[in-house]
Amino acid sequence: MQLGLVGLGRMGGNMAARLREAGHEVVGYDRDAGVSDVSSLSDLADKLTPPRAVWVMVPVSVTERTIDEMAALLGEGDILVDGGNSRFTDDTTRAQRLAPRGIGYLDVGVSGGVWGRQFGYALMVGGAAEHVQRLMPIFEALKPAGEFGFVHAGPVGAGHYAKMVHNGIEYGLMHAYAEGYELLRASEFVTDVPGVFKSWREGTVVRSWLLDLLDHALDEDPDLAGLRGYAEDTGEGRWTVEEAIRLAVPLNVIAASLFARFVSRQDDSPAMKAIAALRNQFGGHAVKRGERSSGAIDGVPTATV
C-alpha cells in the first residue's frame, strides 16, 4: 500500500522504515531536506495516487497548521491521519472541517517510542470503520506481531483519548518505580540497588517494559549521577486529570505523579518553604537556611533542636 508520511523524526522516520521493510511504499516529507523524499507538501500530494492516505506525525505545536496545509492539497476520497499527541477534543472539529470536502479523518494514538521499529507500535485508532478498514494494511505492518497492539477504539477522538489515558497510566507507573528506587537507595540494608531491579524483570508481578528500560538506564549509570531530577510533561497527563475532574473519576495515583513532575522543576519549592516556616512557628522545628538567612523568619528567631 502507498502512504504519504509527514514528519520523519524519531517516531516518523522509524515508522517509515518499518513500513518499507513490510513492503509498503512510503513517500515521506520532512523540513529536513536530508531525510525528505519530496521537496514540499504539494510535491508529496502529487506523488501519491488517488485515493490518497497521508499520515501526519509532527510535534503537537505544528500539527494543526500541517493538517490544514495538507488538507488543502487533498480531495474527495482521501484520508488524513494524525498520529501525534493531539488533544482528543481537537479531532472532532478537524473531522468536521474535512468532511464537506470528502476527506476522511483518523486519529491514532501511537505508543512504542524509539523501539517501535524493532518491536512494533501499539495503535489506538479513532474514526469511521470504513476508513479504518482501508488503512488496515498499514496498521498491520506497524503493530507488533500477534493479536495484541491494535484497537479501533471508537469514533473520531477515541484514539487520542485512549492514548491520553495510556500516558496518564504511564506517569503513575514510572513514578511508582521512581519512588521504589529512591527508597532502595536510602536503605542501609540494600547494597545492590540496580541488581534488585534486574531481579524483578522475570517472575514478578511488577515486571514490565518500563522496568526493563529502568534496568537499562541503571546499567549505563548505576547512580543516575549524570541526570538532573527534572521531568517535563507532554500535556497528556494534565488532560487525563482534567477529564477525571470533568467525569468525577478519582485518579489519585496519576494526579500525584503529575504534580510530582511539577515539583521536580522547582530548585527551591515555595510550598515547602511555607511548610518549613509553619513547622518552625508552631513547633520550633529547625529550618535549613538559604544564602539570605539571618537566623529569623520575618523577625521571629528560629528554634534549634
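The values are calculated or read from the model by the stated rules, or taken from the named source; none is laboratory data. It should be emphasised that the depicted structure is a prediction, and the values quoted were computed from it without experimental measurement. As a convention, Cβ positions derive from the backbone with ideal geometry for all residues, glycine included, and neighbour counts pool all protein chains shown.
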Here are ALA231, ALA186, ALA225, ALA145: which of them is hydrophobic (A, V, I, L, M, F, W, C) and in the same structural domain as TYR121 (by TED's automatic domain parsing)?
ALA145
Filter segment 198-214 for residues that are touching a helix residue (DSSP H, G or I) at 6+ places or on another chain (Cβ under 9 Å) and of a type in the set (Val, Ile, Thr); which is surrounded by the most Cβ atoms within 10 Å (Cβ to Cβ)?
VAL206
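Here's the yes/no breakdown for (1) at negative phi; (2) modelled with pLDDT of 95 or more:
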site	(1), (2)
SER40	yes, yes
LEU48	yes, yes
SER61	yes, no
ASP68	yes, yes
LEU73	yes, yes
ASP78	yes, yes
GLY102	no, yes
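Conditions tested, residue by residue: (1) touching a residue at least 60 places away in the same chain (Cβ under 8 Å); (2) in a helix (DSSP H, G or I); (3) charged (D, E, K, R).
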site: GLU179; (1), (2), (3): no, yes, yes
site: LEU183; (1), (2), (3): no, yes, no
site: PRO194; (1), (2), (3): no, yes, no
site: PHE197; (1), (2), (3): no, yes, no
site: THR204; (1), (2), (3): no, no, no
site: ASP212; (1), (2), (3): no, yes, yes
site: GLY226; (1), (2), (3): no, no, no
site: TYR230; (1), (2), (3): no, no, no
site: ASP233; (1), (2), (3): yes, no, yes
Which residues, taken from segment 114-156, are of a type in the set (Gly, Ala, Ser), modelled with pLDDT of 95 or more and buried (at least 19 other Cβ atoms within 10 Å of the Cβ)?
GLY120, ALA122, GLY126, GLY127, ALA141, GLY149, ALA153
Does ALA99 count as in contact (Cβ under 8 Å) with a residue 24 or more places away in the chain, out of contact with any helix residue (DSSP H, G or I) (no Cβ under 9 Å at 6 or more places or on another chain), of a type outside the set (Phe, Trp, Tyr) and farther than 20 Å from VAL165 by Cβ?
no
Contact list please: Cβ distance under 9 Å, first residue in segment 239-251 and under 15 Å from GLY157 (Cβ atoms), second residue of a type in the set (Gly, Ala, Ser), pairs at least six apart or on different chains.
TRP239/GLY168; THR240/GLY168; THR240/ALA255; GLU243/GLY168
How about segment 188-213: which of its residues are of a type in the set (Asp, Glu), at pLDDT 95 or above and closer than 27 Å to HIS166 by Cβ?
GLU202
Restricting to segment 32-67, what's the tally of residues that are within 23 Å of the chain's Cα centre (by Cα) and surrounded by 13 or more Cβ atoms within 10 Å (Cβ to Cβ)?
11
When restricted to ASP107, ASP90, the only residue of a type in the set (D, E, K, R), under 26 Å from SER42 (Cβ atoms) and crowded, with 20+ Cβ neighbours inside 10 Å is ASP107
Failed criterion for GLU170 (all others in (1) surrounded by fewer than 15 Cβ atoms within 10 Å (Cβ to Cβ); (2) among the charged types (D, E, K, R); (3) touching a residue at least 12 places away in the same chain (Cβ under 8 Å); (4) under 29 Å from ARG20 (Cβ atoms) hold)
(1)
Hey, which of the helices (runs of 4 or more DSSP H) in segment 22-119, taking only ones fully inside, have at least 2 residues that are farther than 25 Å from GLU140 by Cβ?
41-47, 60-71, 88-98
